[in-house]
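What follows is a short report on a single structure.
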Amino acid sequence: MRSRLFTLVCALSLLACMASVVLWVRSYRRCDLLVQQRGAEDRFAVTSEFGIFVFEFEDRQEHAIQPGWVYFDSRLPRRWGRPGSILGFAVFRGFNRHYLLLPPTALRGVSVPHWFVTGISGVLPALWLARHRREKLARSRSAGGLCAACGYDLRASEGRCPECGVEPLPRVGAIREAHHAGG
């Protein structure tokens, strides 16, 4: 049961890792934005842009749309080269300028680089792969009459491995022979 759960968690982690890589590559050509209205005008947004994930909480807009024209002198995107960012990590407070003739709205947020999310979500699949390869090697060694741990030839040995002291795994052929002899 625990092994299946670990495998499932590793598969989900691998999917998250692959999604992060895809979004990372896309982030230099496109901005992917997911917005959730949490209240009347209270927003939560997740953005993938320029190699970072940005999580923002925008406060309620208290004002009505203003009439007239507005010129925005700030360069886009607003998060690129944010001062105080260390390797893509940042915690910030600021104001969001709207393109709907609204006054700026207070917001707070966190940015996390894609490389970090990819690395963290890739750890479990790497551990699963290493474990799987170790188990496959041990089964292969044991089937060939070798010690599963060190590869020492056990065909002339009884009991424990004289090289490393590990108790040998039962060979697949020996298990089948015992099963057929007993039944």
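The values are calculated or read from the model by the stated rules, or taken from the named source; none is laboratory data. No experiment lies behind these values; they were computed from the predicted model shown. Every residue, glycine as well, gets a Cβ built from its backbone with ideal geometry; the counts of neighbours run over all protein chains shown.
List of remarks:
- Residues of the range 131-183 that turn out to be part of a loop (DSSP other than H, G, I, E, B), at pLDDT below 80 and under 40 Å from the mean Cα position of the chain (by Cα), as a count: 4
- In this structure, S27 does satisfy being at pLDDT 70 or above and more than 30 Å from R133 (Cα to Cα).
- Restricting attention to the range 14-54, the residues being in a loop (DSSP other than H, G, I, E, B) and of a type in the set (F, W, Y) number 2.
- Of the candidates T7, T105, the single residue that is at pLDDT below 85 and hydroxyl-bearing (S, T, Y) is T105.
- Output for the range 141-159, where each listed residue is small (G, A, S), without any contact (Cβ under 8 Å) to a residue 12 or more places away in the chain and either touching a Cys at 6+ places or on another chain (Cβ under 6 Å) or surrounded by 12 or more Cβ atoms within 10 Å (Cβ to Cβ) (or both): G144, G151, S157
- In the range 83-96, the residue that is modelled with the lowest pLDDT out of those that are more than 17 Å from V46 (Cα to Cα) and in a loop (DSSP other than H, G, I, E, B) is P83.
- Each residue in the range 23-57 was checked for being more than 15 Å from G109 (Cα to Cα) and surrounded by fewer than 13 Cβ atoms within 10 Å (Cβ to Cβ), and 8 pass.
- Checking each residue of the range 124-142 against the condition of being touching a strand residue (DSSP E or B) at 6+ places or on another chain (Cβ under 9 Å) and not assigned by TED's automatic domain parsing to the domain that holds R43 gives at least one match.
- All positions within the range 1-10 that are without any contact (Cβ under 8 Å) to a residue 40 or more places away in the chain and in a helix (DSSP H, G or I): R2, S3, R4, L5, L8
- Residues in the range 111-125 that are surrounded by 14 or more Cβ atoms within 10 Å (Cβ to Cβ) and either within 10 Å of the chain's Cα centre (by Cα) or among the aliphatic types (A, V, I, L, M) (or both): V112, H114, W115, F116, V117, T118, I120, S121, G122, L124, P125.
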